[in-house]
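Data first, discussion second: the structure below is written as structure tokens.
The values are calculated or read from the model by the stated rules, or taken from the named source; none is laboratory data. Model, not experiment: these values are computed from the prediction. Positions of Cβ are backbone-derived with ideal geometry, glycine not excepted, and every protein chain shown enters the neighbour counts. Protein only, heavy atoms only, side chains kept; ligands, DNA and RNA dropped before computing areas. Shrake-Rupley method; radii C 1.70, N 1.55, O 1.52, S 1.80 Å.
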Amino acid sequence: MTGLPSDEYRADWVREYIQTRLRDSDVIIFQEIVDVRHLQRDVMKGIMDCVSYTNTLANHQFVVICYNNKFNFIKDRDN
């Protein structure tokens with residue numbers, strides 16, 4: 001693997017796992033996510049809404065909170 005997005009092969013498997021085994025969860029927290037947009041668009045789309053934070057460092061590993069779309073995520077006004 002070269003570390004390129006085109007090398008990623010787990011998205012379909014993770015999506016299927018979440019849909020079959022975690023479908024009743026209200027919140028799933030991911031860590032060490034390098035491509036947040038890919039997680040939101042290709043893995044979690046239609047399953048849960050997701051939020052994270054901004055960081056401009058190359059290859060930063062993000063924490064992403066995904067939550068059941070029956071809830072609203074409200075950021076603390078001080079952050």
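Can you give the FRET efficiency to the nearest 0.05 for ASP42 and ASP76, using r as the Cβ-Cβ distance and R₀ = 22 Å? Don't skip to the answer; put the middle values down first.
Numbers: r = 29 Å, r/R0 = 1.31.
So, using R0 = 22 Å, E works out to roughly 0.15.
Since only TYR67, GLN31, TYR53 are under comparison, the one whose Cα sits farthest along the positive direction of the charge dipole of the chain, derived from C-beta charges on Lys, Arg, Asp and Glu, is TYR67.
Our estimate of slack between SER25 and ASN59, defined as 0.36 nm per intervening residue step minus the Cα-Cα distance, is 9.4 nm. Here the 3J(HN,Hα) profile of region 53-59, calculated from phi with Karplus coefficients 6.51, -1.76 and 1.60 at θ = phi - 60°, is 10, 9, 8, 9, 6, 4, 6 Hz, Gly and Pro shown as x.
A 1.4 Å probe run over the chain, with the rest of the protein chains in place, finds 83 Å² accessible per residue.
Working from Cα pairs under 8 Å separated by at least six residues, relative contact order for the chain is 32 percent. Only helices enter the 222 nm calculation for the chain: every DSSP H run of n ≥ 4 contributes -39,500 (n - 2.57), and dividing by all residues gives -4000 deg cm²/dmol, rounded to 500.
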